[in-house]
Amino acid sequence: MLKTPGHYDFMPWRRRPRITWPNGARIAFWVAPNIEHYEYDPPPNARRMPWPRPVPDVSGYSWRDYGNRAGFWRMADVMARHGVRGSVSLNVAVCDHYPEIVERCCELGWELFSHGTYNTRYFYGMTEEQQRAVIRENRETILRASGQSMDGWLTPAISNDETTQHILAEEGILYTLDLLHDDQPTPIRTRGGQRLVSIPYSLEVNDVPLFVMRNTPPDRYAAICKAQFDLLYEEGAESGTVMCLPIHPYLIGQPHRIAALGEVLRHVTGHDKVWLATGREIARHYIDHHLAAHEAWIAEGTP
Amino acid sequence: MTGLPDDYFVYPKRGRGMDHDRYPYRILPRTKAVQWPGGARIALWVAVHAGHFPMDMPLKPFTAPGGMERPYPSFWDFTQRDYGNRIGIYRLMQAMGSRGVKGTALISAMLAREYPVLMDDIAKAGWEPACAGLDMAHLHHGGIAEADERAWIALATSLLRGRFGDAVQGWHSPAHSESHRTPDIVAGAGYAWTSGWLNDDMPYAFATEAGTLTAMPLPQDLADQRMLHQQNMATEDFVNAVLAAHAALDAEAEATGSGRILTVSVTPWLMGQPHRIRAFGAMLDAILARGSVWSATGSEIMQAWRAQQG
């Protein structure tokens, strides 16, 4: 077993080569809706049972189902109203089950990246070839459904195995979201030296931990997200920061919470030095303009 | 490394719509518009959980939310919950009745045997009686033998119908938990609506082997039991969340021209506490003050919705 992921070098927050964003923005702000399907009767995985209750877990299944029937549509409208695009963390089987959702995402100019096939099919215990086959199939599905290239990856339920990041790089993925180690993009070291970067995702301002695990009421959620933004906006004057707002339609799309999303987006878009980006745009900009400088600085021992 | 078995990569249900046969996929904003009586934008449905939590209730394969939390015999947990059926529910009746707000009681059917006088008072309050299983010790789930499940539903139904007759039209699976066959047995027992599934804000048709049930929206995420008890939030957080839901649904009804439903899911042993009941009343006042509210029982909402389908 590994003691550490081994995918990145220590990069102290101060003294880093400066990151700049387009148009003098201090912060790249991106929203990652997790559009998922949890299966009614999924197969077991030795490391994690898909449902806490015996199948059918009606409360768990139907709660998630709410997101695709009701929550997504409400959430997408609020984002569109604020001119904020999504970068969809997509269980790609959604393309087959609910093509209307994917059509709506494309109509709004959203990016689609892969969050695996279903949120109930974990990567735990897969061989490298099995992982590779899923990644390739996911790429084909996203291309077929949207014409987009699959550039980003978040392993379903963040169930990545030891080798997953290496395989992502070998399969030509541009950016991974499986690591939570930074507020800026960073290089990811891979065994074959293929390029892969990490861009910030979040489990701090992610609505699942906030609403489900930390028992946060909607107004506190908005306050936490705004505080996160304010500090990263302030620090971004020195070197460009990234804030990701990961959301789940079955949670944020509920009637009692939807106004909180609007409040956060109103706050963010009320600032002028914000780059409203997608994951792909952030990764590309970082790769094109800053990756080499970061790698050189790491090679010099981060002086 | 052997990896995962081949069938882990087989997706037999991957295709258009759902991965089961209970209902087709439906998109809320593209759903047929519904008009409530009097042109109300909001149908207010107050669902009151009159639950019975036996002290020896099983805690496996999972503990029902609100189930016994301390070692047997937990007089603490039992009596705290039983308080709701003695005291708290009467405060709710008063707070709702004085404002002309109707209710649906989701009743553990054993209470018809344990507390027949409470059943009389629920009838006098004009609340709709609905069946929430036998009690919280009889959870319907995938590990229950079919014969047992059929017997539980038959007994629960006879207990409540024995007291209320055909007024018992609704079924709520305790803890929002069901087996694969629960809806089939429930429909076979003559129920018209069910509220175990959490996937919509509006009713929809739910297919069973014994005919179609109407699935009624009863959120778990916005329920006092979850927020106040499981999540330890403050009373104000629950009230504010309900009012935020009302504001969002009201705006949606206005924008789409289709009525919406505000379901208020409350628990007598929680919301009926002296320190909370005035906040509950104030919440109802705020809901009513917004206007265009039709207070109705679950069956009344179901009938209004059904009449406008097909």
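Among the residues of region B:259-267, is there at least one that is surrounded by fewer than 21 Cβ atoms within 10 Å (Cβ to Cβ) and modelled with pLDDT of 95 or more?
No, there is no match, as no residue in region B:259-267 is surrounded by fewer than 21 Cβ atoms within 10 Å (Cβ to Cβ) and modelled with pLDDT of 95 or more.
Quick check: anything in region B:14-29 farther than 26 Å from B:GLU209 by Cβ and among the aliphatic types (A, V, I, L, M)?
Yes; the residues of region B:14-29 include at least one that is farther than 26 Å from B:GLU209 by Cβ and among the aliphatic types (A, V, I, L, M).
Looking only at residues in region B:238-248 that are touching a residue at least 40 places away in the same chain (Cβ under 8 Å) and over 20 Å from B:VAL34 (Cα atoms), which one is nearest to the other protein chains (Cβ to nearest Cβ)?
Out of the qualifying residues, it is B:VAL242.
Could you tell me which residue of region A:121-148 is nearest to A:LEU168 (Cα to Cα), considering only residues that are over 17 Å from the mean Cα position of the chain (by Cα) and hydroxyl-bearing (Ser, Thr, Tyr)?
A:THR127
Cβ contacts < 8 Å: first residue in contact (Cβ under 8 Å) with a residue 12 or more places away in the chain, restricted to region A:84-106; second residue basic (Lys, Arg), any location; separation 6+ or different chain. Result?
Close Cβ pairs satisfying both conditions: A:SER87/A:ARG280; A:ALA93/B:ARG14; A:CYS95/A:ARG144; A:ASP96/B:ARG14; A:ASP96/B:ARG16; A:HIS97/B:ARG14; A:HIS97/B:ARG16; A:PRO99/B:ARG16.
Just give me the residues in region B:6-22 being at the interface with chain A (Cβ under 8 Å from one of its Cβ atoms), surrounded by 11 or more Cβ atoms within 10 Å (Cβ to Cβ) and outside any helix (DSSP H, G or I), in sequence order.
Passing the criteria: B:TYR11, B:LYS13, B:ARG14, B:GLY15, B:GLY17, B:MET18, B:ASP19, B:HIS20.
Please work out if A:PRO218 is more than 14 Å from chain B (Cβ to nearest Cβ) and over 22 Å from B:PHE9 (Cβ atoms).
No; evaluated as a whole, the condition is false for this residue.
Which residue is farthest from B:ILE144 (Cα to Cα), if the candidates are limited to region A:52-69 and must be within 7 Å of chain B (Cβ to nearest Cβ), free of Cβ contacts under 8 Å to residues at least 24 places away in the same chain and charged (D, E, K, R)?
Top of the filtered list is A:ARG69.
Take the residues of region A:49-84 that are among the aromatic types (Phe, Trp, Tyr) and in contact with a Pro (Cβ under 6 Å, 6 or more places away or on another chain): which is surrounded by the most Cβ atoms within 10 Å (Cβ to Cβ)?
Of everything passing the filter in region A:49-84, A:PHE72 is surrounded by the most Cβ atoms within 10 Å (Cβ to Cβ).
Of everything in region B:23-73, what is within 14 Å of another protein chain (Cβ to nearest Cβ), under 21 Å from B:ILE301 (Cα atoms) and charged (D, E, K, R)? Give them in sequence order.
B:ARG26, B:ARG30, B:ARG41
Considering region A:158-169 alone, what residues qualify as being out of contact with any Pro (no Cβ under 9 Å at 6 or more places or on another chain) and assigned to a helix (DSSP H, G or I)?
If the condition is that a residue be out of contact with any Pro (no Cβ under 9 Å at 6 or more places or on another chain) and assigned to a helix (DSSP H, G or I), then A:ILE158, A:THR164, A:HIS166, A:ILE167, A:LEU168, A:ALA169 are the ones that fit.
I'm told A:ALA93 meets every condition in (1) more than 12 Å from chain B (Cβ to nearest Cβ); (2) more than 17 Å from the chain's Cα centre (by Cα) except one. Can you identify the failing condition by its number?
The single condition A:ALA93 does not satisfy is (1).
Mind listing just one residue for me: the one in region B:215-231 that is more than 10 Å from chain A (Cβ to nearest Cβ) and of a type outside the set (S, T, N, Q) and, of those, surrounded by the fewest Cβ atoms within 10 Å (Cβ to Cβ)?
Here the answer is B:HIS229.
Can you list the helices (runs of 4 or more DSSP H) lying wholly within region B:51-125 that have 3 or more residues being under 22 Å from B:LEU139 (Cα atoms) and free of Cβ contacts under 8 Å to residues at least 60 places away in the same chain?
Passing ranges, in order: B:75-83, B:110-114.
Output the number of the condition that A:PRO218 fails; it satisfies all remaining conditions of (1) surrounded by 21 or more Cβ atoms within 10 Å (Cβ to Cβ); (2) within 20 Å of A:LEU112 (Cβ to Cβ).
Result: A:PRO218 fails condition (2) only.
Residue by residue, here is whether (1) away from chain A (no Cβ under 13 Å); (2) basic (Lys, Arg); (3) on the phi > 0 side of the Ramachandran plot; (4) surrounded by fewer than 22 Cβ atoms within 10 Å (Cβ to Cβ) holds:
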{"residue": "B:PRO203", "(1), (2), (3), (4)": "no, no, no, no"}
{"residue": "B:PHE206", "(1), (2), (3), (4)": "no, no, no, yes"}
{"residue": "B:ALA210", "(1), (2), (3), (4)": "yes, no, no, yes"}
{"residue": "B:LEU213", "(1), (2), (3), (4)": "yes, no, no, no"}
{"residue": "B:MET233", "(1), (2), (3), (4)": "no, no, no, yes"}
{"residue": "B:GLU236", "(1), (2), (3), (4)": "no, no, no, yes"}
{"residue": "B:GLU254", "(1), (2), (3), (4)": "yes, no, no, yes"}
{"residue": "B:PRO274", "(1), (2), (3), (4)": "yes, no, no, yes"}
{"residue": "B:VAL293", "(1), (2), (3), (4)": "yes, no, no, yes"}
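Against the condition at pLDDT 95 or above, farther than 25 Å from B:GLY100 by Cβ, within 13 Å of another protein chain (Cβ to nearest Cβ) and surrounded by fewer than 19 Cβ atoms within 10 Å (Cβ to Cβ), how does B:GLN309 come out, does it pass?
Against the criterion (at pLDDT 95 or above, farther than 25 Å from B:GLY100 by Cβ, within 13 Å of another protein chain (Cβ to nearest Cβ) and surrounded by fewer than 19 Cβ atoms within 10 Å (Cβ to Cβ)), B:GLN309 does not qualify.
Determine which member of the set B:SER258, B:SER299 is of a type in the set (S, T, N, Q) and farther than 17 Å from B:VAL48 by Cβ.
B:SER258
Within region B:137-183, which residues are of a type in the set (D, E, K, R), within 13 Å of chain A (Cβ to nearest Cβ) and not in a loop (DSSP other than H, G, I, E, B)?
B:GLU149
Just checking, does region B:45-61 include any residue being farther than 16 Å from B:VAL264 by Cβ, among the aromatic types (Phe, Trp, Tyr) and out of contact with any helix residue (DSSP H, G or I) (no Cβ under 6 Å at 6 or more places or on another chain)?
No, the conditions are met nowhere in region B:45-61.
Let's see how each residue does on (1) away from every other protein chain (no Cβ under 14 Å); (2) over 27 Å from A:LEU251 (Cα atoms):
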{"position": "A:PHE72", "(1), (2)": "no, no"}
{"position": "A:MET75", "(1), (2)": "no, no"}
{"position": "A:ARG81", "(1), (2)": "no, no"}
{"position": "A:VAL88", "(1), (2)": "yes, no"}
{"position": "A:SER114", "(1), (2)": "yes, no"}
{"position": "A:GLN130", "(1), (2)": "no, yes"}
{"position": "A:ASN138", "(1), (2)": "no, no"}
{"position": "A:THR164", "(1), (2)": "no, yes"}
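Given the conditions (1) more than 9 Å from chain B (Cβ to nearest Cβ); (2) assigned to a loop (DSSP other than H, G, I, E, B), report the number of the one that A:HIS37 does not fulfil.
The single condition A:HIS37 does not satisfy is (1).
The values are calculated or read from the model by the stated rules, or taken from the named source; none is laboratory data. Just so we're clear, the structure is a prediction, and the values are computed from it rather than from any experiment. No Cβ is skipped: glycine too gets one built from the backbone with ideal geometry, and neighbour counts run over all protein chains shown.
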